[in-house]
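I have a structure I would like to understand better, so I am pasting it below and will then ask my questions one at a time.
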Amino acid sequence: MQSKPSIPSLFTDDVLDHRVSGQTTTQMLARFRTDVIDLHPPVVYIMGGMNDIPGPSGTALTRSNIESMSSWLGRLASR
C-alpha cells in the first residue's frame, strides 16, 4: 500500500491515501491502528460502509465499526 498525494488542488500538504478497494468496515477497523492511529494525522476522513451492504452483517456492525474508529480518533485527539 502506498501513501500518495491526492486531490492536490484541494490540499496544500500531502494526503495519505490508505484506502483498499473492496474492503468492509471490519477490514478497515482491523488495520486502523497501523494505517491511521500510529501516523498521528491531523485530519482523518472515514469513508467506508458501501462494501458492507452486500454482506450478511447488517447496518449494526457497520455502525459499530465506524463508531470504534471514531473512538480511536477521539483518544488520539485527547493526547
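Near Arg33, within a Cβ-to-Cβ distance under 15 Å, what is the net charge of the other residues, with Lys and Arg +1 and Asp and Glu -1? Display every interim value, and only then the final one.
Working: positive: Arg31, Arg75, Arg79; negative: Asp35, Asp38.
The answer is +1.
In whole Hz and in residue order, list the ³J(HN,Hα) couplings for the stretch 14-27 that follow from phi through the Karplus curve 6.51 cos²θ - 1.76 cosθ + 1.60, θ = phi - 60°; x for Gly and Pro.
The phi angles translate into 5, 10, 8, 9, 10, 6, 10, 4, x, 7, 8, 5, 5, 5 Hz.
More than 13 angstrom separation, counting every C-alpha pair in the stretch 25-78; what % is that? Don't skip to the end; give the middle numbers.
Working: 809 of 1431 pairs.
Every Cα pair in the stretch 25-78 considered, those over 13 Å come to 57 percent.
Expected output is a single nm value to one decimal: the length gained when fully extending between Asp14 and Ser64, i.e. 0.36 nm times separation in residues minus the C-alpha distance. What is it?
Values: separation 50, 0.36 × 50 = 18.00 nm, distance 2.96 nm.
Between Asp14 and Ser64, full extension yields 15.0 nm more.
Bear in mind these aren't lab numbers, they're just calculated from the coordinates by the rules spelled out. Please read all numbers here as calculations on a predicted model, not as lab measurements. With ideal geometry, Cβ positions are generated from the backbone for all residues, glycine too; neighbour counts draw on all protein chains shown.
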